1. If I filter segment 233-251 for residues that are closer than 20 Å to Leu129 by Cα and either surrounded by 18 or more Cβ atoms within 10 Å (Cβ to Cβ) or within 15 Å of ligand 1 (Cβ to nearest atom) (or both), do I get at least one hit?
2. Of all residues in segment 1-53, which are among the small types (Gly, Ala, Ser), more than 16 Å from ligand 1 (Cβ to nearest atom) and at negative phi?
3. Quick one: would you say Met222 is touching a Lys or Arg at 6+ places or on another chain (Cβ under 8 Å), outside any loop (DSSP other than H, G, I, E, B) and either closer than 22 Å to Ile14 by Cβ or of a type outside the set (S, T, N, Q) (or both)?
4. Exactly one condition in (1) closer than 18 Å to Met190 by Cβ; (2) part of a helix (DSSP H, G or I); (3) touching a Ser or Thr at 6+ places or on another chain (Cβ under 7 Å) is not met by Arg147; state its number.
5. Can you tell me how many residues within segment 315-333 are over 16 Å from Leu285 (Cβ atoms) and surrounded by 15 or more Cβ atoms within 10 Å (Cβ to Cβ)?
6. Within segment 67-97, restricting attention to residues that are among the charged types (D, E, K, R) and closer than 15 Å to Arg34 by Cα, which residue is nearest to ligand 1 (Cβ to nearest atom)?
Amino acid sequence: MNDNIRSLWNKRPIIISGPCSAETEEQVLETAQRLATTGKIDMLRAGIWKPRTKPGMFEGIGVKGLPWLLNAKKQTGLPVTVEVATAKHVQDALQFDVDILWIGARTTVNPFSVQEVADALRGVDIPVLVKNPINPDLELWGGAIERLQKVGVKDIGMIHRGFSSYGNTQFRNAPMWHLPIEMKRRFPEMLLICDPSHICGNRVMLQDVSQKSIDLDFGGLMIESHIDPDNAWSDAKQQITPERLSEMLGNLVWRSEDISSQEFITALATMREQINHIDDELLTLIGQRMKIADKIGEYKRDNNVTILQTNRWNEILDRAVSKGEALGLSKEFIIRYFDAVHLESISHQNKIMYDQK
Ligand code: PEP
Ligand code: MN
């Protein structure tokens, strides 16, 4: 990796933008120039091969788009990144001096494909960004990263692009923020950036989702930008013009993790200590709750009663939701929390029913 790319790779935040797909040479060059003019972009992106959910949609311009990108790079000085899904894509991209590769969500789900890409990268010194798999499975995401590490890829980053979920939500791909946060915990040194375009699937929420990722200490953004978004050949609804992107980036607040004043450090330490205390108390209480559930389990066992009693469970939830709401806790949180506690109780009671008799 040359020094330019090395310093780009280490820059925070790193901002990547460009069209969902390279369509024509003019479109690629004009997008690149207008993005470069903003002065806020570190790197150009463009899809050359597009894995599409349904046949008949635009499947990418293919190899012939690579010289366009190389041209855009020469004209603007911006390095470029493309998505690769096969060994051939890797070879083609390398031939046209692509600086960073990314693996798309539909590829990360498939260990065969990821392994094929990894094998093609053995001995190649190029950074690779790995998008999360379409489904919320952190083992698959981590597995793809490990496959790259195993062949010797040294510079790996992660892109959070949201997860597919059944039914309509306000997002195209639900962000499920706790999942990228868990990946950050598993790979603390690794670059993690957010792709709000594929999370939102529309233009209106882009700024809020971008800001949310910044507030969660993501290291950068990949946002799709098109000179004529409404007429884009793919993902038209979510793309924005370079000028709109510039405006949006200007509105984002990049908070730093740097700690400056002594007063701030002390206040923060005190509050963190308070949180630790409360967490300890909560854990102790949950432990006590489980002990009571164990007792109920013994009682159910001795009286031949089923473990799950739906009415009782509904009663617990109703109580908790109304109490929680009065305390400013959302219904979603209460349900998720009580589901987890309930599952743990059931597994305790199962043990009692079947292991100890
Ligand atoms: C893309 O970046 O245009 C793309 C296809 O994204 P994803 O793999 O996240 O769906
Ligand atoms: Mn796209």
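The values are calculated or read from the model by the stated rules, or taken from the named source; none is laboratory data. Computed from a predicted structure; not experimentally measured. All Cβ positions, even for glycine, are placed from backbone atoms using ideal geometry, and neighbour counts span all protein chains on display.
1. no
2. Ser7, Ala32, Ala36
3. When the stated conditions are applied, Met222 passes them.
4. Evaluating Arg147 over (1) closer than 18 Å to Met190 by Cβ; (2) part of a helix (DSSP H, G or I); (3) touching a Ser or Thr at 6+ places or on another chain (Cβ under 7 Å) leaves (3) as the failure.
5. Matching residues across segment 315-333 total 2.
6. This residue is Lys73.
Each row is one residue, and each column tells you yes or no for (1) modelled with pLDDT under 90; (2) closer than 30 Å to Lys11 by Cα; (3) not in a helix (DSSP H, G or I).
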position: Ser234; (1), (2), (3): no, yes, yes
position: Glu247; (1), (2), (3): no, yes, no
position: Gly250; (1), (2), (3): no, yes, no
position: Val253; (1), (2), (3): no, yes, yes
position: Thr284; (1), (2), (3): no, no, no
position: Arg289; (1), (2), (3): no, no, no
position: Gly297; (1), (2), (3): yes, no, no
position: Lys300; (1), (2), (3): yes, no, no
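So that you can scan it fast, the table gives a plain yes or no per residue for (1) on the phi > 0 side of the Ramachandran plot; (2) assigned to a helix (DSSP H, G or I); (3) assigned by TED's automatic domain parsing to the domain that holds Ala105; (4) at pLDDT below 95:
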{"site": "Asn168", "(1), (2), (3), (4)": "no, no, yes, yes"}
{"site": "Ile181", "(1), (2), (3), (4)": "no, yes, yes, yes"}
{"site": "Arg185", "(1), (2), (3), (4)": "no, yes, yes, yes"}
{"site": "Asn202", "(1), (2), (3), (4)": "no, no, yes, no"}
{"site": "Asp208", "(1), (2), (3), (4)": "no, yes, yes, no"}
